[in-house]
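Since every read-out is calculated from the coordinates, none of them should be taken as a lab result. The structure presented is a predicted model; accordingly, all values stated were derived computationally and were not measured. When we count neighbours, we look across all protein chains shown, and the Cβ atoms used for this are built from the backbone with ideal geometry, even at glycine.
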2 protein chains.
Amino acid sequence: MAGSEAKNSGSKQSGAKKKEVKKETGLGLTNRKADNFGEWYSEVVVNSEMIEYYDISGCYILRPWAMAIWEIMQGFFDPEIKKMKIKNCYFPLFVSPGVLEKEKEHVEGFAPEVAWVTKSGKTDLEIPIAIRPTSETVMYPYYSKWIRGHRDLPLKLNQWCNVVRWEFSNPTPFIRSREFLWQEGHTAFATKEEADVEVLEILELYRRIYEEFLAVPVIKGKKSEMEKFAGGLYTTSVEAFIPNTGRGVQGATSHCLGQNFAKMFEINFENEKGEKAMVWQNSWAYSTRTIGVMVMVHGDDKGLVLPPKVASVQVIVIPVPYKDADTQGIIDACTATVNTLCEAGIRAESDFRDNYSPGWKYSHWEMKGVPLRIEIGPKDLAKKQARAARRDNGAKIDIANDNLVDEVKKLLDTVQQNLFDVAKQKRDECIEVVHTWDEFVQALNQRKMILAPWCDEEAVEADVKARTKGEMGAAKTLCSPFDQPELPEGTKCFASEKPAKKWSYWGRSY
Amino acid sequence: MAGSEAKNSGSKQSGAKKKEVKKETGLGLTNRKADNFGEWYSEVVVNSEMIEYYDISGCYILRPWAMAIWEIMQGFFDPEIKKMKIKNCYFPLFVSPGVLEKEKEHVEGFAPEVAWVTKSGKTDLEIPIAIRPTSETVMYPYYSKWIRGHRDLPLKLNQWCNVVRWEFSNPTPFIRSREFLWQEGHTAFATKEEADVEVLEILELYRRIYEEFLAVPVIKGKKSEMEKFAGGLYTTSVEAFIPNTGRGVQGATSHCLGQNFAKMFEINFENEKGEKAMVWQNSWAYSTRTIGVMVMVHGDDKGLVLPPKVASVQVIVIPVPYKDADTQGIIDACTATVNTLCEAGIRAESDFRDNYSPGWKYSHWEMKGVPLRIEIGPKDLAKKQARAARRDNGAKIDIANDNLVDEVKKLLDTVQQNLFDVAKQKRDECIEVVHTWDEFVQALNQRKMILAPWCDEEAVEADVKARTKGEMGAAKTLCSPFDQPELPEGTKCFASEKPAKKWSYWGRSY
């Protein structure tokens, strides 16, 4: 198979030759995940037909294979927030400079990345207009208008849209792109208590997207003051970790904005006592980054590995005819298998292309990460069975036709669970508990996700950043986990040796 | 009721006084549809809480009340195109100038309206980057890359996204805005025959959106050479008509692009005979304009009128308590009614707000266009019934509790059908068949939708435009209907007196 060939490419010459062959068939990866992670990732997202590179740097085409995953996640998240009485809306892409700059801290966080429209046709605009990097400043002037009394609260809106952040550092498909798709929820409450509750309800949905759909283990926690959302009160997040690069990745964030924006945008209401009060606000978002994290965590040297719950094709059925065998019988058995699975609500397809060999098709669908392959050949036909091959571990299982649906469902559940378990085990192996600066530096060099007691002082985080600056990027806090280990009296901060206030995860990050 | 009060506003003083009251309660319209259509429209979309005006001209906020309609239409259209094996994807918002300008005719059609990003943060971009006005030139370089052989065809993609056309003429919410939401389908086929078939399949879906969902009658037809899509082969459309303004409105378009873009972008494939061939392409789109057309057609002096199929609230249940009546019993009956309806799949809500009177609530939900109101008072409670009021014609019907679901379903179907029938009758009354220039001018002055025999020459359409230029805007072809009346031998063109080749609809348009 193409994937394993790549491992053996010998001299430069034979390597080049193989590359040519691969270009021809479009199969196989030339980079291994363990050796050359960045190139491996680019190759996987392109060869699996999720991404096409675009002629503007930092912009990527999301092909149907990726878009289907986004839609499946949407199909979970959107009804969940509707149950919470959150309503969808759509605010404009454009922001006028006056509004954008209203919240100082906030705009400072985004200003360098804001794209500006200055012309239409050949005419210069009177004032340049910004493209939303996020919509707090777009929306909140209208929240101020719409919210008058306590009966107007809570106001809970969400939008599915594109946002633009013209970043110059290392664009990576899904993970860091100049335009991306996301949902952004923006809610306003009469009390901090209600806002606090919602922050965690949404964070739990984000955990479920990662753990239950993408089979990616995440840690729920609170961001440090330095890493929180610009202009907000506090930020919670789900943090994933990429063992191969030893980098954390912020999976999704649920912010309590407190009353800071309410103050700037004058979002006031008359409370039940007839007094003027200020709202408490949240904002929360997850983006197409989710897909990139999934690719990084599960992908292997044969390509993408899709968790069944987000795979647009869960089962690919491939006929394996022999010269003198009953080809039509095999084709019919494949069609029947697909129909039976589809009727049972399983997303199954067949690959009947007559210009590719079964072996080529195996590699093709492995590259695309389809969780389960079903092969049907003359022997299977005779035995009234099909042979299933798992994408996650390559295991092969014969399934009697009579048990098809039950067995396939069970297998898909097993694959889903196994992907999560394996990912969690790998992630857990990367977690290192440290107590001293020396331990910290050593763990960082070993690309660990570091759990350390911390004094929770901003200056100390700044200092850690400065002291770890280098080619690989500085270390910073990932989050302070909600699930805190015991912190014995007298424990010192690993960096400042002041009394530790909490445990925090530290590491390099995307 | 507020709506009818507006009709009687007498002296300037009392008019002003009423306006103040209305501002206070947020109810009622100050403009009548028949008298002052433009202002009426703006008032309806704002007061019904569909639209909020934005601080950038030509951009509008789509509030949940509008967004829900968009989502319901999406819930119909998206599965339909998926049945046709069309897959969703997402291409970038940005286009590089080189690509944008590749198809000359096409870019000329859009160039004056293109918004340009020239700066990020404080840095000038090396090359300005355009924001997509539509995505032909964004997508087709990649179609060229992805399509190699006949097995890669058909390629059928769609995206749901925002597009930007920086127009300067008269922005109108939904109808003409600088940013809008749409779907755009882009497909490539091996043969013209396949492309032709798809053009009409999609057009039929657009007809269904208008007629079956929005209850707006439309005419299917072909655009003239002058009015067709820039760079395409031919354009089909569904055309609606707004009787109050006497203007046609292009409802949605399904274009056959022929091979023009294929040539410019070199989208070639090896056909089954091993010969190099060029693909045939289509593109097709409908936008949030659909919602504006619906508002214009059905709205009345009490506000919005929503067809049940697109109403996010189909039934609003309002308690009508009396001082000495069993208020809790009424509230319970309302709750039971809502629950029964929701369980039957009807979108029902109650309005239990205690700071508004039933009358205020009637006006409020009339303004928002809810198709059916159910009132429950002490008498209804005693008689085990509810009173329903239709939004479309004000008719009131008592419904026995035992028949609730059946009767409400029947009523909603009736309202849906009646809205269409009434709209069709009004539209049909506006259609005027003319044979001569004088008849044409007279009909145009009467704001008709004019059906006329035409020689089908571009120069003649240009001439008609020039001769009818004026304050109201020039007349042009709306479409040549697929459903052609008989054209007797020797019939002359109304404008050129040359032999007529077809019947075409003419008029002013949005």
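Here is how the numbers come out for the structure above:
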read-out	value
At most 15 other Cβ within 10 Å, DSSP loop - chymotrypsin sites (Phe, Trp or Tyr not before Pro), the range B:129-228	B:168
Sequence of A:352, A:265, A:37 once ranked by neighbouring C-beta atoms within 10 Å, starting from the fewest	A:352, A:37, A:265
Peptide A:57-68 - average C-beta neighbours from other chains (10 Å radius)	5
Shielding by partners, peptide B:172-179 (average Cβ within 10 angstrom, other chains)	1
With Cα atoms, 0 to 90° folded angle of helix A:37-47 axis to chain A main axis	60 degrees
Degrees, to the nearest 10: B:327-343 long Cα axis against longest axis of chain B	30 degrees
Sites matching GluC sites (Glu not before Pro) across the range A:64-102 that sit in DSSP coil, with at most 11 neighbouring C-beta atoms within 10 Å	none
Gain on full stretching of the segment that runs from residue A:76 to residue A:393 - 0.36 nm per residue minus C-alpha separation	111.4 nm
Whole-Å distance, taken between Cα centres, linking the range A:86-158 and the range B:112-143	21 Å
Label point distance in nm, residue A:417-residue B:168, each placed 7 Å from Cα along Cα→Cβ	6.7 nm
Shielding by partners - mean other protein chain Cβ count within 10 Å, residues of A:88-101	6
Residue A:382-residue A:437 pseudo-label distance in nm [points 7 Å out on the Cα-to-Cβ vector]	7.4 nm
For residue B:305, distant residues with modelled amide H under 5 Å away	B:299, B:300
Straight-distance crosslink candidates among aspartates and glutamates, where the alpha carbon sits under 15 Å from residue B:263 and sequence neighbours closer than 8 are dropped	B:101, B:103, B:105, B:136
Using a Förster distance of 60 Å, the FRET efficiency for residue A:484-residue B:122 (Cβ separation, nearest 0.05)	0.90
Leading residue at positive end of dipole, the range A:30-131 (Cβ point charges), from A:46, A:73, A:118	A:73
0 to 90° range, to nearest 10: angle between helix A:289-298 axis and chain A longest Cα axis	50 degrees
Computed [θ] at 222 nm, deg cm²/dmol, chain A (DSSP H ≥ 4; -39,500 (n - 2.57); rounded to nearest 500)	-11000 deg cm²/dmol
Loop trypsin sites (Lys or Arg not before Pro), the range B:264-373, which have at most 15 other Cβ atoms in a 10 Å radius of their Cβ (DSSP)	B:273, B:323, B:353
Antiparallel DSSP beta bridges within the range A:313-425, percent to nearest 5	55 percent
Under-5 Å amide H pairs with residue B:286, H placed in peptide plane, nonlocal only	B:183
Derived scalar couplings ³J(HN,Hα) [the range B:463-474; Karplus, 6.51 cos²θ - 1.76 cosθ + 1.60; whole Hz; x for Gly, Pro]	5, 4, 4, 5, 6, 9, 4, x, 3, 7, x, 6
Dipole magnitude of chain B about its Cα centre (Cβ charges: Lys, Arg +1; Asp, Glu -1), debye to nearest 20	760 debye
Residue exposure sequence - B:176, A:148 - by fewest surrounding Cβ within 10 Å	A:148, B:176
Label point distance in nm, residue B:410-residue B:349, each placed 7 Å from Cα along Cα→Cβ	2.8 nm
Highest average packing first - B:381-392, B:419-430, Cβ atoms within 10 Å	B:381-392, B:419-430
Rounded to whole Hz, the Karplus (6.51, -1.76, 1.60) HN-Hα couplings of the range A:412-423, x for glycine and proline	5, 4, 5, 4, 4, 5, 5, 4, 5, 4, 5, 5
Long-range amide H partners of residue A:241 with built H, under 5 Å	A:249
All aspartates and glutamates inside 15 Å of residue B:276 as judged from Cα atoms, apart from same-chain residues fewer than 8 positions distant	B:152, B:266
Per chain B, cysteines lacking a partner by the 4.7 Å Cβ criterion	B:59, B:89, B:161, B:256, B:334, B:342, B:430, B:479
For the range B:125-138, 3J(HN,Hα) per residue [Karplus equation, 6.51 cos²θ - 1.76 cosθ + 1.60, θ = phi - 60°, Hz, x = Gly/Pro]	6, 4, 10, x, 10, 7, 9, 4, x, 5, 10, 3, 6, 6
Cross-link pairs A:192/A:309; A:87/B:383; A:83/A:145; B:448/B:492 - those with Cα-Cα distance over 28 Å	A:192/A:309; A:87/B:383
